[in-house]
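Please treat every number below as a calculation from the coordinates, not as lab data. Note that the structure is predicted; figures quoted are calculated from it, not measured. We place every Cβ from the backbone using ideal geometry, glycine too, and count neighbours over all the protein chains shown.
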Amino acid sequence: MIASAQAFGIDIGGSGIKGAPVDLNAGKFAIDRTRIPTPEQSTPEAVADIVTQLLDTYDVEPGTPVGIAFPAPIRPGKPIGFIANLDKSWVGVDIDALFSEKSGRTVRVVNDADAAGLAEVQFGAAKGQNGLVIATTLGTGIGTALIMNGVLIPNTELGHLELEGKDAERYTSDAARSRKELSWEKWGGRLTKYYKMLEYYFSPELFVIGGGVSKKSEKFFKYIDVATPIVPAALLNDAGIIGAAYFAHSQSAH
Ligand code: BGC
């Protein structure tokens, strides 16, 4: 693997699985990432094969910390209890053990939104921010990360709060925008309801909005009407990979 990288990050999403070596001094990819579409049948076996393929593509040396951002609550050593946007056969799987066994190395798994939030606090839009930061990812689902004075409170799953009688991510994720062909303004109205609810419950200092659509923030931020400052993710959609690599590196130091 390229010398400027200290860790390798992989982000598993509903539509793509992406990986890159990460330069943790700079907080960016050491070389371009590779994206492989998520298989139609996103079973543990099929996804684990792609993870191994990504590690082989970059010749990741044994001993390099490898972090994987995954779209479900993750408790080390405990099986997956709930999955919204990948194959349901993930429930009951010991994910650390599966990936480690398949790839022949120790990997560390972290929730995808938590990874993105960590990256934004460490290297991006929330760097140096005191108090509570809520980072959200808008994609196939809605992911959330709560970070208080730089410390992550993991597995918050606030994309599944109820909004307008529905699971909030069904109502207002980026996938819901495409599915319902919502205008930016209409979608902004739905996002306003969602972020107002988070504001009401948590009184954060800052919202960071990530996910693929964050690169189009100029199209919809103007329609989100909340009192809390709201900024696009500085690392855009790279935050999951960078945060996963950062997480693995920090864990392997213990
Ligand atoms: C999952 C979360 C995940 C989010 C974003 C939700 O459906 O339950 O764990 O962080 O999607 O991928």
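Residues considered: 67, 117, 81. Largest GNM mean-square fluctuation over the chain, using C-alpha springs under 10 Å, is found at 81.
At an R0 of 25 angstrom, the distance between the Cβ atoms of residue 46 and residue 178 translates into a FRET efficiency of 0.55. Calculated on the Cα set of segment 125-233, radius of gyration then Dmax: 12.9, 38 Å.
Starting from one equal scatterer on each C-alpha and no solvent at all, send me the Debye-based log10 I(q)/I(0) for the chain at q = 0.07, 0.17 Å⁻¹, two decimals. Normalising to I(0) and taking log10 leaves -0.21, -1.29. About its Cα centre, segment 74-169 has a charge dipole of approximately 360 debye under the convention of +1 per Lys or Arg Cβ and -1 per Asp or Glu Cβ, with nothing else charged. Ranking 221, 3, 146 by Cα position along the charge dipole of the chain, where only Lys, Arg, Asp and Glu carry charges on their C-beta atoms, puts 221 farthest toward the positive end.
Around the Cα centre of segment 125-233, unit charges on the Cβ atoms of Lys, Arg, Asp and Glu (plus for the first two, minus for the last two) sum to a dipole of about 360 debye. In whole percents, the pair-distance distribution calculated for segment 62-120 from its alpha-carbon pairs, binned every 5 Å from zero, is 4, 19, 27, 25, 17, 6, 1.
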